Each structure stands twice: as C-alpha cells, then as structure tokens.
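Read the structure below first, then the notes.
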Amino acid sequence: MKKKTPNPHRENYLWILGAIIAGFITEGIVMVLGRTVPLGEIVRNPFSYVSIARIIFFEIIYLGALASIYVCNRNGIKWLDKIYDYRYLIAGIILVICMIFQINGSSIGCWDGVTGYSSDTGLLAGTSRAIRSDEWAVSTPMALAQKANNYNYFNSNIRGGYNSDMFIVYGQPVKDVSIIFRIFHIGYILFGSSVGLSFYWCARFLALFLASFEFLMLITNKKKSLSFIGAVIIVFSPTIQWWYATNSLMEMIISAEVGLVLFDKYLKSENFKLKTLYMLVIAICVGTFVLTFYPAWMIPIAYIFVPFLIWIIIENRKNIHITKKDIIAFIVIALVFAGLMARIFMKSWDTIMATLNTVYPGKRVVLERGSLKVYIGFVINSLLTILTSIDNPCDMTVMMDFWPVVLVLLGIYVLKEKKHDILVTMCLVVCLILHAYYIFSMPEWLAKITLFSRTWYGRVYQVFGLLNIFILFRILANTEYKFKNKWAIVISAILSIVCVLIAKYYYPLVITKIIAVVLVLVFTLIFYSILMANQKKKQFFVVIVLFMLFIGGLVNPVRSGISSVENNTLLSQIEKIDSEEKGLWALIEIGLPEINMPMVVGAKTLNSTSVYPNIELWSKIDTNHEYEDIYNRYAHIFITLVDNTEETKFELLAPDVIRIFMTYDDMKTLGVNYIVRGAKFEPYDITNEDFELEELYKDENYIIYKIK
C-alpha cells in the first residue's frame, strides 16, 4: 500500500486554525466575563451577544502576530530579538494607534446606568465596573473638568466656587511646569479630553510594562523571557488593574523602577552626557513619587524598593567614579529640582496643611492588625472578575505573587543550594517587616518611627506581594536546582489543595465543590509550571501569561472615546443653561456621578466631591462649627433640602460620605442659583414664598430649577 506523502504545510495550517479558534475563544471569554445578563441567557441565545466587530479585531491581532512570526522565520530573522531591540519603538506605535482610536479603560459608561440615559456607544469589550466609582465618578470627571478651566492650577468650579488646588491632591492635568512630575497627564493638555484620557490609560500601561521589564532584567541578570513574564504578572495583577486610575499606584511603581534602573546605569557609565541625562530623569522620578501624595501606598512601596537601592550601590561600589563635572551637574540639577519642588509646595501649602489636618484621611492612624482571612487572597483574586458575592473586590486585591511556591523555591535556594544572595537576604528582611506590620498590631510610637502610622494594613497587604514577585524571579534567574517531574507534581498538588481548602473555609459560598476542583487543577498546573520554569520554559510562559490575562486583562473595560459624557443629556442642558447665565449649581437628593457633572462643563458646583475640605464654605451655615469634624474630610457631599422650620444638620454616612440637611435660607446664604433634582421625586412647589423656583428643564430623569 502506497504511503501518503506528508503535507509540508500541515503545521502551518494548524497554527492558522489555532489562531482563528483563539479569536472565537477570546470573544467567548469577553462575553462571559463582561456579561450584563445571566449566564444562562447567553447560553440560550449566544448569537444575540456575539460581537462580529470584536471577533474581527481579535482575529486581526492573532493572525497578524502569526503572520509576522512566519515572515521573520522565513527570512531567518530572530523575531523575539527584533521585538526586544525595537521594544520602545513598538510601544510608541501601539500608543499612537490607541490614541487614534481613543482607546481607554475607564468605567465611565456607568454614567448611563445611574443617570438613566443611553449615551454610551464606545464600549468595545468587557464591562464598566460600578465599584470603581473613585475613577468614573470622581477622578475622570475632574480631569475632564480641567478643559473648561483651561487646565489652570486652581479651579473655581468645584468646592462651592472657591479656588481649588487641582495639582497636589486632586492630581489632575495642569498647564504648568509642574506637569513634568505628572507626565501622563500631558495628553489632556496637548490633545484634549478624549485623546488625553486615552494617552493617560495606554501610556501608563506601556510604561509600567517596560519599566517592570527593565527592572526585572536588572535583577535577573538580563534573562529576557523571565523578565517578560514577570512584567506581565505585575501589569495584570489584580491590585494594579482594580486600582488602575486612582491614587497613583502605577506612577509610584514606574518612577521607582525607572529611577533605580537609571541609577544603576549612572554608576556604570563614564559618559558625562549620559550620566547627566540619567540624573535628570532620576530627579523627575523622585519628584513623581513624592507628588503622588498618597502615603498609604508610598510608605510600603518605598520599603519594597529600598533593598534594591542598597544592592545597586553594593554591586557597583567598585565602579563608582565621581568627577568634578558630575558634581557640578548634580548640584545644578538638585538646585533646579529643589526650586521646582519649593515652588509647588509654596503654591499648594495651604492645600497640603488642610489635607494633613483632616479628620479623614489626614489624622487617621490605623494600628489594628490585618485579617488572616484575606492573607491567602491570591486564590480569591483569580476569581475577582466574575465574583458576585464579595462586596468590594477592590479591597480584596493583591499582587499575584504565588507566595506558597515562592516559599518552596526560597527554602531550596537558601537551605539546599546555600546561595548567599545579599539581595534576597535584604528583601527577606523587608518582607518580614511588612508581614509583621500586617499580622501583629504595632504600638503607635513604633508606627510613627517607621512611618507606618501614615498607612494602614489594607494598603500594605495589597502591594507587599510585589516584593515576592521580585524574589521569585531573582531565584528563578539564579537557581541551579532541577525538580524531578513527579516531585514537582506532588508538591504543586499539595500546595494547591491546601490553599483552596483555606479559601473554601473562609468563603464557603464562593468556593463551591466544582469551583474548588477547578481551582485545585488550575493552581496545580500553575505551581508546577513555576517549579519547572527553567526546564519547561515554553509551558511556564504560556500558562502564566494566559492566567494573568484571564484574571487581570478583563477587569477594566476597553472602550473608544467618552460618548457617555459627550452625549449625556443632563450635561448638555447644564452647559446650555450655565452658558446663558453663570451661577452656582446644587445637586439635591442625588449622589455620584451627578454631583461631579456640572464642573465637567465649567459650571460652578456647590457639592462636588471635596478631595480636601472647604471649612470656610460650610461654616457659613454651621456658624458654631458644631459639625466641623464631619465636613473636615475627603468627602462626597449629598444634600437633602428641608424647609426653614427645620434645622441645618450634617450627617456622616461613611468615612468619605456626608449628607447635609440644608434649609431654603441656607441655599440663599451659600449663593445657589440652580438646583438639579431627580424627576422621580414629587416636584417642588415653585410658588413657595420662602423658596420661589422656576422650572427650566425636565425629562424622565431630572428636573432643573432656577432660584428666583
């Protein structure tokens, strides 16, 4: 019988088929994780929820990547080396493409769900996360509001019409030399709101990935594959993705990593021009870190990177060669840096003092120990994108550090291989300090000495896994130990079972039997891939990258533009009315995001979110300062209007939420001209002699009144 001639193109066909299938699988994952209807509905009517445009987009990505690899292989080009050589150019091209299509990850589509309008047409994938209200209802509207303010340092459209510092605490784009320390905001100033928001989201993603890659290259002795995987773990870790656009966590990590990489280059270089450039960028990194102005994360992040600073100095102690020109350059840069920082602090001194003296968060000192319940959080974090039974997944997030397997590798590295690695040793010391702070309550005097009084266990818990990630890849880069296949499987299975059982103990309703089995299998595979990383590199790469894309890649939506803002009916009406006659706006008996909407179009707003308090404003109706402890804080301010027979009262609903029971006379005292109120309430009596109103606009969702 004649044998069939093997098809030389069979493997190519299989790769093409695999890429096509991958596109459909990706669409399926997006449909399931980003669903707004029950899963059963998608199963019954899958074609009603499939996006042809998304499938085409995914297919272009997969087939395009496959074609590029094929062309490189045909021409004898080592495509991975080329990607590495041109990584910054490639990142720049990706950024430009994202800006052209105005790609961002904001959850601002949630405006529709709250306001009742259907103006969001830009969602491409995923789902808007209502829980991230700090982003879509506060920080993003404030950034957009700066356009109407011409990106000035102070904005008089918020906090009741008083000048408000938009730079130091609000952390928003300002047309000022200080923007050099908030470089990711420059897109707003150069390109406007929609493209600026795209630049802000995409540039930070690319910067964090490249910074983490370069930093890992430094500590892994330039192991490219390990550094790439480590960068993927950092960028797609739940803490990063769930806190992507608030509190400047990404800027802290980026500035620390870039600063340390350049410091190492500075100590190794003998080129004066390069050394001067390194010093200049390092100064910008230091300023960026300091001006994030969020000590709750700054403190643990600083602790995490201190060992690496010391290690770089030790490693380069023989290379350190300082010339007179270096000293002069350092003095000049230091003076310019000090001058810029002094200018910023002088300009924002009142804001800084007001913030530090707030009841919350300024004077808050948390001395309680952390919860053991969330200590093994990396298991639960693998489910955060689909969990519905956890109230606040943001507070559950961790850096995905796989710490049980890190402990195994660390034990072998130190005890069996007897590696004398000073970097790992110093990292372990810091790791113990951070863990001790979390597990045991700390005396107040010690907390103040160590600066832990400026943070709290929840924020430390969320980021100390970053140090474990660095330790893991340092060990993988230097270990020579090779696991036997069967022992790697056994160890991985035991670790996985123990971790899942602990998670099930704390979350019995979440970790059902089926989910427990799936998690055991998944984490056994992941732990096995890590233990065998140096022996099965491709498996390690594929398993970790796919896992991280799954748990982090779909946390935030992917959208084009800001149609939910640009097409919002209420916003357009506020803009129209205010442009005809300027006035002070109050949002009554409604909350986020409405209280922050008027400022977006440049209308002065009484009760927008106060990132720092306005004591002078509220003391006008609280003349005896009876309620100062309530409004002396970061606060979302809700107003309930009552008649003059009742008393003015401030009520604390949450550490960052207050409600003001405000009389008609209070409204006049504060100079309010316009009121926005939900249409679902009984309309005001506009003929009331005490409070005569004129109805300017009404739809099924809102009513706008003018106070006569």
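We did not get these values from a lab; they are worked out from the coordinates using the rules stated. Values in this document were obtained by computation on a predicted structure and should not be read as measured data. Backbone-built Cβ (ideal geometry, glycine too); neighbour counts: all protein chains shown.
The slack in the chain from residue 512 to residue 700, taken as 0.36 nm per residue of separation less the alpha-carbon distance, amounts to 63.4 nm. If you line up the long axis of helix 224-235 against the longest principal axis of the chain, both from Cα atoms, how many degrees apart are they, to the nearest 10? With both axes taken from Cα atoms, the answer is about 20 degrees. Fully extending the segment from residue 566 to residue 89, taken as 0.36 nm per residue of separation minus the present Cα-Cα distance, adds 168.5 nm.
What share of the DSSP beta bridges in segment 556-708 is antiparallel, in percent to the nearest 5? DSSP beta bridges in segment 556-708 are roughly 55 percent antiparallel. The slack in the chain from residue 349 to residue 365, taken as 0.36 nm per residue of separation less the alpha-carbon distance, amounts to 3.5 nm. Descending by average beta-carbon neighbour count within 10 Å, the peptides 221-231, 553-563 line up as 553-563, 221-231, the highest first. Comparing 306, 431, 532 along the charge dipole axis of the chain, the residue lying farthest to the positive side is 532, per the Cβ-charge model.
Cross-link partners of residue 649 among lysines, defined as those whose alpha carbon lies under 19 angstrom from its own and excluding same-chain residues fewer than eight positions apart: 620, 668. Can you tell which of 553, 661, 248 lies farthest toward the positive end of the dipole of the chain, using +1 and -1 charges on the Cβ of basic and acidic side chains (Lys, Arg; Asp, Glu)? Result: 553, furthest along the dipole toward the positive end.
Remark: the chain carries a charge dipole of roughly 4980 debye about the Cα centre, counting +1 on each Lys and Arg Cβ and -1 on each Asp and Glu Cβ. Relative contact order, whole percent, for the chain stands at 17, derived from Cα pairs under 8 Å and 6 or more residues apart. Identify the GluC sites (Glu not before Pro) of segment 667-708 meeting these criteria: DSSP loop state and at most 16 other C-beta atoms within 10 Å of the C-beta. Qualifying residues, ordered by number: 689, 692, 700.
Looking at segment 270-363, which trypsin sites (Lys or Arg not before Pro) are in a loop (DSSP not H, G, I, E or B) and have at most 12 other Cβ atoms within 10 Å? Loop-located and lightly packed - 317, 318, 363. Cysteines of the chain lacking any other cysteine Cβ under 4.7 Å from their own Cβ: 72, 110, 285, 394, 427, 431, 499. Relative to the Cα centre, the charge distribution of segment 190-275, modelled as +1 at Lys and Arg Cβ and -1 at Asp and Glu Cβ, gives a dipole magnitude of about 280 debye. Here each label is just a point 7 Å from Cα along the line to Cβ, and for residue 708 and residue 121 those points are 4.0 nm apart.
Once the Cα atoms are used to define both axes, helix 537-552 deviates from the longest principal axis of the chain by about 10 degrees.
Counting only lysines at least 8 places from residue 82 when in the same chain, those with an alpha carbon closer than 28 Å to its own are 222, 223, 224, 265, 268, 273, 275, 536, 537, 538. Counting DSSP beta bridges in the chain, what percent are antiparallel, to the nearest 5? Rounded to the nearest five, the antiparallel share is 60 percent. Segment 436-489 to segment 568-590: how many Å between their Cα centroids? Between the Cα centres of segment 436-489 and segment 568-590 lies a distance of 49 Å.
Within the straight-line cut-off of under 23 Å between alpha carbons, the lysines reachable from residue 448 are 363, sequence neighbours fewer than 8 places apart in one chain being disregarded.
Ordering 338, 489, 381 by Cα displacement along the dipole of the chain toward the positive end leaves 489 in first place; charges were set at the Cβ atoms of Lys, Arg (+1) and Asp, Glu (-1).
For segment 508-597, GluC sites (Glu not before Pro) meeting the loop criterion (DSSP other than H, G, I, E, B) and having at most 12 other Cβ atoms within 10 Å: 581. Pairs of Cα atoms nearer than 8 Å and 6+ residues apart set the relative contact order; for segment 517-673 it is 16 percent.
Residues in segment 252-290 near a label at residue 313, defined as backbone nitrogen under 15 Å from the 7 Å Cα→Cβ point? In segment 252-290, the label zone of residue 313 (backbone N under 15 Å from the point 7 Å along Cα→Cβ) covers 260, 263-264, 267. Spin-label pair residue 61-residue 273: with each label point 7 Å from Cα along the Cα-Cβ axis, the two points sit 4.0 nm from one another.
Give the angle, between 0 and 90 degrees and rounded to the nearest 10, that separates the Cα long axis of helix 193-219 from the longest principal axis of the Cα atoms of the chain. Orientation of helix 193-219: about 30 degrees from the principal axis.
One entry in [x] -0.67, -1.04; [y] -0.54, -0.89; [z] -0.65, -0.93 is log10 I(q)/I(0) by the Debye sum over Cα atoms at q = 0.07, 0.09 Å⁻¹ calculated from the shown coordinates; its label is [y].
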